Amino acid sequence: MEHKNLIATIYLKNGMAVKGKENLECAGELKKLAKIYNDSGVDKLYVFDLSETEKEHDTNLHTIKELSRIVEIPLYGIGGITHLEDVKKLIYAGCKGVILDGAHHDIIQVAEEAAKRFGREKLLVSMENVDLIFKHKKELQEYVHKLVVLNEAIIESLENIIDIPFSVIVEGYNKERWVEVLKKDCVTGIGGSYISDPATYITELKQELAAEGIETKKFESAMEWSEFKLNSDGMIPVIVQDYKTAEVLMMAYMNEEAFHTTLSLGKMTYYSRSRKELWIKGETSGHYQYVKSLTIDCDKDTLLAKVSQVGAACHTGNTTCFFQELVKKEFVTKNPLKVFESVYEVIQDRKENPKEGSYTNYLFDKGIDKILKKMGEEATEIVIASKNPEKEEIKYEISDFLYHMMVLMVEKGVTWEDIVEELSQR
């Protein structure tokens, strides 16, 4: 059975999140909302551009690009799309696809051009009525991958007149109606205000829908609790690691209830041996740990949890509970990103706190043209070195190039996190 998607929506006005097309009241801090959707179990994110001017459209486009750097779930842009160039900008901004406005019949030409350029799977069309289908059914089926229904009243009509699958955006939550809609073969997902409410437990909702026979992408353990080797208290230790940095954050224990609650909520839940009660990490502090993966070791007696950590993991305010150094031997880290970030931080410090005689400060003082000139020179040196059989010279020249590239990155405010996120989307 195909999984049904739960879809969150963000409405953008002047680069800010608002509550809807008719309600321009602030909906909350945009990046925080996006992070919650990304971590809480939402499957897709539709971003509505409500811009009325070209300037505002550019602002919203920039915001969408920033959002695409934050979220790992597929992001789709809708609004302000009248030409192929608009489609291109959204896809280049990181959108998985674009949603054309079905209220404007001239988007058929845009759909045709975009399908030939980027592929039919990148294109969706929003529908509030069925007029476009009666006039352009053949073209829609040829150029469009899916529809997005913005008017619940046309669902039954759509399933009878066109074969294209569709998602539905609705207001509020009516369990009986949602189940009825999601059980339709033509419906691929549902979303709207209820999914977009940060207070909604998405993974819990998925469990609720599963009980009604609706398959969604949810946490399901490949092993039963009875297969774990527990300690004398009937619990299993859990090592918790940041899923992005691989930093070890903390260690705690789970009993069976904590394990199943973790799967149900998608938030790390433990058993407190001192208080003798279940506790959801972050329920008091807001420093939740959203589950990314759970793995068991070879002896089946320890879990490794990779999580998205909100705030600090430690009750002391430290990022990790493991901050008190006992013994240390100097060593050179071989983690490439750590090395790059370390050098980047030194270069950034030179810019913020100039040091007399520093070559880095010399480059910053001379400005962007000098930095770009050095970039060109170092790139040429790599080409020349590559003609020689010894790799040592290539290694040296690439290192020089990377250093100058990081000077440019600091100058332009681009971080290694930006680069890694961009590469991960390709």
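Only the coordinates and a few stated rules stand behind these numbers; no lab work does. Model, not experiment: these values are computed from the prediction. Here the Cβ is made from the backbone with ideal geometry for all residues, glycine too, and neighbour counts use every protein chain on show.
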Worksheet item: If you plug each phi of segment 391-407 into the Karplus form 6.51 cos²θ - 1.76 cosθ + 1.60 with θ = phi - 60°, what whole-Hz ³J(HN,Hα) values come out, in order, with x for Gly and Pro?
Response: 7, 4, 5, 5, 4, 5, 5, 5, 4, 4, 4, 5, 4, 5, 5, 5, 4
Worksheet, complete the sentence: Extension length gain for I368 and D299 (0.36 nm per residue less Cα distance), in nm, is 19.2 nm
Worksheet entry | Point-charge dipole on Cβ atoms (K/R +1, D/E -1) for segment 62-109, about Cα centre, debye to 20 | 200 debye
Worksheet item: Is the shape of segment 65-202 rounded, prolate or oblate, going by the alpha carbon gyration tensor and its root eigenvalues a ≥ b ≥ c, with a/c under 1.5 for rounded and a/b larger than b/c for prolate?
Response: oblate
Worksheet item: Of the beta bridges DSSP finds with both residues in segment 9-114, what % are antiparallel, to the nearest 5?
Response: 25 percent
Worksheet item: Using a basic spin-label model with each label point 7 Å from the Cα along Cα→Cβ, how many nm lie between N361 and K329?
Response: 3.8 nm
Fill in: Listed residues T63, Q348, A27: farthest to the positive end of the dipole of the chain (Cβ charges)
Q348
Discussion item. Quick check for me: using +1 on Lys/Arg Cβ and -1 on Asp/Glu Cβ, what's the dipole size of the chain about its Cα centre, in debye to the nearest 20?
Written reply: 520 debye
Item to complete: Run the dipole for segment 216-321 about the Cα centre, Lys and Arg Cβ at +1, Asp and Glu Cβ at -1, nothing else charged, and hand back the magnitude in debye, nearest 20.
Response: 360 debye
Response to the item:
Free-by-geometry Cys in the chain, Cβ-Cβ under 4.7 Å as pairing rule, reported as C26, C95, C186, C298
Worksheet entry | Alpha carbon convex hull of segment 266-403, projected area averaged over orientations, nm² | 15.4 nm²
Worksheet, complete the sentence: In the chain, taking the dipole from +1 charges on Lys and Arg beta carbons and -1 charges on Asp and Glu beta carbons about the Cα centre, the listed residue (A103, Y76, I164) farthest towards the positive end is Y76
Fill in: Contour excess over end-to-end distance, with Cα ends at R117 and T380 and 0.36 nm allotted per residue
91.3 nm
Practice prompt. State the Cα centre-to-centre distance between segment 103-168 and segment 367-426 in whole Å.
Written response: 45 Å
Worksheet item: Add -39500 (n - 2.57) for each DSSP H run of 4 or more in the chain, then divide by its residues: what number comes out at 222 nm, to the nearest 500 deg cm²/dmol?
Response: -12500 deg cm²/dmol
Worksheet item: So, in nm, how far is label E208 from label S274 when the simple model puts each one 7 Å beyond its Cα toward the Cβ?
Response: 3.5 nm
Worksheet item: What do you get when you divide the Cα radius of gyration of segment 156-205 by 2.2 N^0.38 Å, with N the number of residues?
Response: 1.23
Worksheet item: Rounded to the nearest 5, what is the percent of antiparallel bridges among the DSSP beta bridges in the chain?
Response: 35 percent
Worksheet entry | Ratio Rg/Rh, restricted to segment 1-79 and using Cα atoms, in which Rh is the Kirkwood radius | 0.98
Response to the item:
Simple spin-label estimate for E85/E283, 7 Å along Cα→Cβ, in nm, reads 5.5 nm
Discussion item. Based on the alpha-carbon set only, what is the convex hull volume of segment 148-268 divided per residue, in Å³?
Written reply: 152 Å³
Worksheet entry | Correct choice for volume of the Cα convex hull per residue in Å³ that was computed from the model, options [x] 248; [y] 222; [z] 168 | [y]
